[in-house]
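Novice: Below you will find the structure I want to go over with you.
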Amino acid sequence: MCRATWIARVFICVLAAGWCAAFSVAACAQKSPGGIRYGSEDEIILQGFHWNSVRMPGTWYDTLKKKAPQIAADGFTIIWLPPVWQDTSSWKSGDKSGGGEGYFWGSFNKNSGYGTNTQLKEAIQALKKAGIKLVYDVVPNHMDRSKASSANFLPKTGKIWRRDCDDKGAGSGPSPCDDGDPFMSGDSDFNLGNADVEAMFEKEFINLRDNYSASGLRFDFVRGYAPRHVQHWMSDVFDNGICIGEMWKSPGEFPADNPLHNKSFQDGLKDWSDHSDCMVFDFALKDRMQNGSISEWRNGLNGNPEPRWRDIAVTFVDNHDTGPSPGPGGGQHIWPIASPLRKQAYAYILSSPGTPAVYWPDMYGPHTDNDDLHDYLRLLIQTRRTAGIRADSDIRFPTQCGSQHCTGLVAVITGSHQQLLVALNSNLAKPDQVSQDAYLPALSHDDGKIRIWHTGPAAASVNVTFRCDNGKTQTGDSVYVVGSSPELGNWDPAKAVRLTDVSTYPTWKGSIALPGQQGVEWKCIIRNEADASQVKSWQPGSDNEVIVMQDASTGGAF
């Protein structure tokens, strides 16, 4: 990899990119002009597990095998797989307990809590057949200490902090030492300062590449070891592969004498990426989702003015550590997003720069709050794909909405095919308040808290079946559908659409053509057929929601 100065590095890598183009070297397609191992830059990641996957009925590998065609159909290009090595640990901390998730290494045996080696290979074949790239979670930091066969597996000096070692991983003494933060007490940390331990992992990464179809690696707890190790492994094994680091470390967690201690969350992520040449999870954005207002979401790495930094951001709402999981104990849920913000957060990461990662329970459930997000997330993915949003796409944040200051988050994202205008919890009423471009509605959701518009032609219309139950009417009255799209009257009862199928009265049904690939909110009303101003009854409660796709159906009730 190009090291020297940043200028020399870019120059050399640009030359390499030209050489690859001239000679059609496919392996080079995975590397950005800046040398970052980022995939094709239009990737969408599915986290292919949750904390309790090892405790779900059946085997998790069989679940992945069966789900592979749908995962591809839903628009995902990468699946992030759990650690595929053996973990027989068992632990308890307060009211939480677990074990077997793969995060306390025992051996590289592929018969694990997720299934057998044979079942893993069957899942791999199904995912490959569906055209999905495989990125494996790897944990070269900590282990099940009871499995250690040599003292060399563990740090020589116990609890060792990064500042105790120089940049080459050597301490003040004659023996090498661990060069990162301790995991918990540090007594189960691998000693990556020992060349044999580093080589042991490199051998396994080659095995994952050659025998388990790995397209790249997701490195767990990278604060626990110097980024030089990741750079070394990736250069030797996956130099054009996909590389993602979990750098979950706030500025205040850096030592007081470290310059990053007084910098922003973004700066710590940039520093790690600069030394590893890998993408990194956007914990700057996650921090604002947890601790800031929606308007502050613009301060994530994916909203950085420099495309180079947007390019390295892997955005997410929750994962196996932060969010809830179906199954025993509800999973880890260490830092879960507030439930009312989940849909808005996904609307943002799936319409904006960076490489979005979707959490399995949010896509395929069962979610702990019984909120079915599958069709909603699929629509957002389709909207992103249609617009051509990429990891480094341009993004700007208008602050003036007509004569008023914009509230909430307003963003304009420029894709290769369309522009998207996103308004979250905002007072933005119409696109012309911030732009002269012609926009069409793509999504109105969550009582208007989520609105997305797009430039370009409208999507083809599809028929959606509407149903209103318990619609008891008097002579001269009928049941109508009114909603957020022009075809449903833009909430004007005078322009509502009458349902005509009363074969199962008092249930009313009808088919209405709507432009596809959008989200629509609607309600049933009882209205006089001759006088549109006479609305006798509105459906009570919150609005109904439907994602407009072929053969979609939706219902409400009085």
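Novice: Ranked from highest to lowest mean number of other Cβ atoms within 10 Å per residue, what is the order of the peptides 210-216, 542-548?
Specialist: Going by the mean number of other Cβ atoms within 10 Å, highest first, we get 542-548, 210-216.
Novice: Just want to confirm a number: the relative contact order over segment 186-304, from Cα pairs under 8 angstrom separated by 6+ residues, in percent.
Specialist: Numbers: 130 pairs, mean separation 22.6, N = 119.
Relative contact order of segment 186-304: 19 percent.
Novice: Determine the dipole magnitude for segment 247-302: charges of +1 sit on the beta-carbon of Lys and Arg, -1 on that of Asp and Glu, nothing else is charged, the reference point is the Cα centre, and the result goes in debye to the nearest 20.
Specialist: Here segment 247-302 has a charge dipole of around 220 debye.
Novice: Under 1.5 on a/c is rounded, so check that first for segment 253-313, then, if it is not, pick prolate when a/b is larger than b/c and oblate when it is not; a ≥ b ≥ c are the square roots of the alpha carbon gyration tensor eigenvalues.
Specialist: On the way: a/c = 2.10, a/b = 1.15, b/c = 1.84.
In terms of gyration-tensor shape, oblate.
Novice: Compute, for D392, the solvent-accessible surface of its heavy atoms (probe 1.4 Å) with the complete set of protein chains present, and express it in square angstrom to the nearest 10.
Specialist: Counting only protein heavy atoms, D392 exposes about 60 Å² to solvent.
Novice: Given the C-alpha centroids of segment 524-558 and segment 175-231, what is the distance between them in whole angstrom?
Specialist: Each part reduced to its Cα centre gives a spacing of 57 Å.
Novice: Hey, another quick one. If you restrict to DSSP beta bridges whose two residues both lie in the chain, what percentage is antiparallel, to the nearest 5?
Specialist: Approximately 60 percent, going by the DSSP bridge assignments.
Novice: Anything over 23 Å Cα to Cα? Flag those among K343/K472; K121/K203; K66/K203, in the order listed. Can you show the working numbers first?
Specialist: Values: K343/K472 34 Å; K121/K203 19 Å; K66/K203 30 Å.
The pairs that break the limit, which is 23 Å between Cα atoms, are K343/K472; K66/K203.
Novice: Here's another thing I want to ask about it. Ranked highest first by the average count of other Cβ atoms within 10 Å around their residues, in what order do 33-43, 377-387 fall?
Specialist: Output ranking for 33-43, 377-387: 377-387, 33-43.
Novice: Would you pull out the residues with amide H under 5 Å of S537's amide H, same chain only if 5 or more places away, H placed 1.01 Å from N?
Specialist: I526
Novice: Let me ask something else. Tell me the carbon and sulfur percent of the accessible area for the chain, rounded to whole percent, probe radius 1.4 Å.
Specialist: Result for the chain: 51 percent of the exposed heavy-atom area is carbon or sulfur.
Novice: Also, quick follow-up: Report the one residue of I206, F183, S264 whose Cα lies farthest in the direction of the positive end of the charge dipole of segment 169-306 (charges on C-beta: Lys and Arg +1, Asp and Glu -1; origin at the Cα centre).
Specialist: The residue sitting most towards the positive pole is S264.
Novice: Next question. Taking the Cα centre as origin and putting +1 on Lys and Arg beta-carbons and -1 on Asp and Glu beta-carbons, what dipole magnitude results for the chain, to the nearest 20 debye?
Specialist: Result for the chain is approximately 520 debye, rounded to the nearest 20.
Novice: In deg cm²/dmol and to the nearest 500, what is the mean residue ellipticity at 222 nm of the chain if only DSSP H runs of at least 4 residues count, each as -39500 (n - 2.57), divided by the residue total?
Specialist: Theoretical 222 nm ellipticity from helices: -7000 deg cm²/dmol.
Novice: I want the local charge near H50. Using Cβ-Cβ distances under 11 Å, sum +1 for each Lys or Arg and -1 for each Asp or Glu among the other residues.
Specialist: -3
Novice: Roughly how far apart, in whole Å, are the Cα centres of segment 294-310 and segment 368-413?
Specialist: 13
Novice: Can you work out D for segment 305-410 in µm² s⁻¹ from Stokes-Einstein, where Rh is the Kirkwood radius over C-alpha pairs, the temperature is 20 °C and the viscosity is 1.002 mPa s?
Specialist: Values: Rh = 15.2 Å.
Diffusion coefficient, whole number: 141 µm²/s.
Novice: When Lys and Arg each count +1 and Asp and Glu each count -1, what net charge do the other residues less than 12 Å away from V138, Cβ to Cβ, add up to?
Specialist: -3
Novice: Decide, for segment 370-455, between rounded, prolate and oblate: order the square roots of the alpha carbon gyration tensor eigenvalues as a ≥ b ≥ c, take rounded if a/c falls under 1.5, and otherwise choose prolate if a/b is larger than b/c, else oblate.
Specialist: The shape class here is oblate.
Novice: Next question, about the same structure. Where only protein heavy atoms count, and the probe is 1.4 Å, what is the accessible area per residue for segment 55-135 in Å²?
Specialist: 42
Novice: How large is ³J(HN,Hα), in whole Hz, for each residue of segment 450-466 in order, when computed from phi with the Karplus curve 6.51 cos²θ - 1.76 cosθ + 1.60 and θ = phi - 60°, using x for Gly and Pro?
Specialist: Calculated HN-Hα couplings, in order: 10, 9, 10, 10, 9, 7, x, x, 5, 5, 4, 7, 9, 8, 10, 8, 10 Hz.
Novice: Does the chain come out rounded, prolate or oblate by the C-alpha gyration tensor, with a ≥ b ≥ c the root eigenvalues, rounded set by a/c under 1.5 and, if not, prolate when a/b is larger than b/c and oblate if not?
Specialist: prolate
Novice: Just to confirm the filter: which trypsin sites (Lys or Arg not before Pro) across segment 415-502 are DSSP coil and have at most 14 other Cβ within 10 angstrom of their Cβ?
Specialist: Answer by residue number: K472.
Novice: Let me ask something else about it. To the nearest 20 Debye, how big is the dipole of segment 424-553 about its Cα centre, given +1 on the beta carbon of each Lys and Arg and -1 on that of each Asp and Glu?
Specialist: On the way: 11 positive and 15 negative charges, 39 e Å.
Result for segment 424-553 is approximately 180 debye, rounded to the nearest 20.
Novice: Which of the peptides 410-421, 333-344 is most tightly packed, and how do the rest follow, going by the mean number of other Cβ atoms within 10 Å of each residue? Each step should come with its number before you reach the end.
Specialist: Details: 410-421: 20.4, 333-344: 17.1.
Output ranking for 410-421, 333-344: 410-421, 333-344.
Novice: Using a 1.4 Å probe, what is the accessible area per residue for segment 354-481, in Å²? Please list the in-between numbers first.
Specialist: Working: 5180 Å² over 128 residues.
About 40 Å² of surface per residue is accessible.
Novice: Quick one: which residues, 5 or more positions from D318 or on another chain, have an amide H under 5 Å from its amide H? H modelled 1.01 Å from N in the peptide plane, none for Pro or chain starts.
Specialist: Here Y359 satisfy the definition.
Novice: Something else now. Hey, can you grab everything whose amide H is under 5 Å from the amide H of A429? Only 5+ residues off in sequence or another chain; H modelled, so Pro and N-termini drop out.
Specialist: Close amide H contacts, sequence-distant or interchain: none at all.
Novice: Run the numbers on the chain and let me know its relative contact order in percent, using alpha-carbon pairs under 8 Å that are six or more apart. Mind showing how you got there, number by number?
Specialist: Numbers: 1228 pairs, mean separation 53.7, N = 558.
10 percent.
Novice: Place a point 7 Å from Cα of A532 in the direction of its Cβ. Which residues in segment 475-506 have their backbone N less than 16 Å from it?
Specialist: Counting backbone N atoms under 16 Å from the label point, the list is 478-499.
The values are calculated or read from the model by the stated rules, or taken from the named source; none is laboratory data. Since the structure is predicted, the reported quantities are computational estimates derived from the model, not experimental observations. In this analysis, Cβ positions are derived from the backbone assuming ideal geometry, glycine residues included, and neighbour counts consider all displayed protein chains. Ligands, DNA and RNA are stripped out before the accessible areas are found, and what is left, the full protein with its side chains, is counted by its heavy atoms. Shrake-Rupley method; radii C 1.70, N 1.55, O 1.52, S 1.80 Å.
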